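The values are calculated or read from the model by the stated rules, or taken from the named source; none is laboratory data. Predicted model only: the values in this text are computed from it and were never measured. Every residue, glycine as well, gets a Cβ built from its backbone with ideal geometry; the counts of neighbours run over all protein chains shown.
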Amino acid sequence: MIVRDIATDQGDVWLIPGDIHFDAQDDRALAVMLKVARAFRVNGAILIGDTFESAGISRHGRPGRKFRFGQGTIAAEAEAARSFIERLSALVLQNRGDPGFLHVLQGNHEAWWTGVQDEFPGLVDTPWYELYGDLFNGWHVWDETTALRLGSLLVCHGHRLRGSLSKNSAASVLANYPGQNTLYGHTHRVDQCVTPTYKYGVSQDHGAWTIGHMRDIKKELTQGQIGPFAERHKQGFALVSIHQPSGCPWRGAARFKVDVVTVDRDTDGAPYCVVGGVLFEEDHALPVK
């Protein structure tokens, strides 16, 4: 992976949703996540990849029923994403005052576009994000091989991480990258592993976190190949806060704290989150489809 350093400041709070997969997203879960983001004054955001389902440009099995009534098309994905992207952009701009802290990573789903380009060379100079018009105006869009570094935390999609799809994903990634802190998506699971080590008489922690997905749960469970594995999947996202303790300025780079937030369901199927002991629910209860 090619690592790009992203500027961070004391007090920053970054929102990193799990893989969203527009237009198969869970709007109700995303709405609750945005409530959390507003409450914690998020001023930076990273879409971790697989932001879109991209079924229509995939060489994998794609039965025609997925595209009935305009579903699964590029236009449908753009329409499904627009409200969320606009609200998140406005939130970061409101809290930061600078639009430069919005980032999009390319996941393996968006990377399917390269297969189309290989078949039709006339599309080689059309990057995947241009398929969605002006949706990502003001965002930094990074290619498939790029990971972003927030201080000492590496953020990437995860499909290029060794061990990410192992049974014990976070422990495996940490074992493969023992001196690194890695936050990633791709697995649709929520898992974390943090191990303290001693270096030159000083305790140091390194960890790995995989943060789940924000896809519609029913679509996960009923999908042909993924369905049986989806029983281990979990909706989730991460809040990454940046801080510099006043008592240890000699350490150099600012510290970070990862809070992995899971989306759970009440007895009526409505999504909710508990963050810092605070319960976040939908503004209005909606019937479960």
Among the candidates 71, 94, single out the residue that is of a type outside the set (A, V, I, L, M, F, W, C) and in contact (Cβ under 8 Å) with a residue 12 or more places away in the chain.
71
Please enumerate the residues belonging to the range 222-264 that are aliphatic (A, V, I, L, M) and at pLDDT 90 or above.
238, 239, 240, 242, 258, 260, 261, 263
Mind listing whichever residues of the range 81-137 are more than 24 Å from residue 33 (Cβ to Cβ) and of a type in the set (S, T, N, Q)?
114, 117, 126
Exactly one of 240, 173, 194 is of a type in the set (A, V, I, L, M) and out of contact with any Leu (no Cβ under 7 Å at 6 or more places or on another chain), and that residue is 194
If you check every pair at least six apart or on different chains, which have Cβ atoms under 8 Å apart with a residue in the range 26-41 that is on the phi > 0 side of the Ramachandran plot first and a residue that is assigned to a helix (DSSP H, G or I) second?
41/95
The range 22-73 - residue that is at pLDDT 95 or above and among the β-branched types (Val, Ile, Thr) and, of those, nearest to the chain's Cα centre (by Cα):
48
Among 189, 215, 149, which is the only one that is of a type in the set (Lys, Arg), surrounded by fewer than 20 Cβ atoms within 10 Å (Cβ to Cβ) and either at pLDDT 95 or above or touching a His at 6+ places or on another chain (Cβ under 7 Å) (or both)?
149
Restricting attention to the range 93-115, the residues that are more than 23 Å from residue 161 (Cβ to Cβ), aliphatic (A, V, I, L, M) and buried (at least 18 other Cβ atoms within 10 Å of the Cβ) number exactly 1
Between a first residue in the range 148-162 that is on the phi > 0 side of the Ramachandran plot and a second residue that is of a type outside the set (A, V, I, L, M), which pairs have beta carbons less than 6 Å apart while being 6 or more apart in sequence or on different chains?
151/8; 151/256; 158/164; 158/184; 158/185; 158/186
In the range 183-228, which residues are among the β-branched types (Val, Ile, Thr), assigned to a strand (DSSP E or B) and over 18 Å from residue 261 (Cβ atoms)?
195, 197, 202
When you scan the range 78-92, do you find a residue that is buried (at least 18 other Cβ atoms within 10 Å of the Cβ) and at pLDDT below 95, even just one?
no
Please return the ranges of strands (runs of 3 or more DSSP E) entirely within the range 67-169 where 1 or more residues are among the small types (Gly, Ala, Ser) and under 22 Å from residue 240 (Cβ atoms).
146-150
Tell me yes or no: at least one residue of the range 33-54 is surrounded by 18 or more Cβ atoms within 10 Å (Cβ to Cβ), assigned to a strand (DSSP E or B) and small (Gly, Ala, Ser).
yes
Filter the range 167-193 for residues that are of a type in the set (Val, Ile, Thr) and in contact with a helix residue (DSSP H, G or I) (Cβ under 8 Å, 6 or more places away or on another chain); the one that is farthest from residue 226 (Cα to Cα) is 182
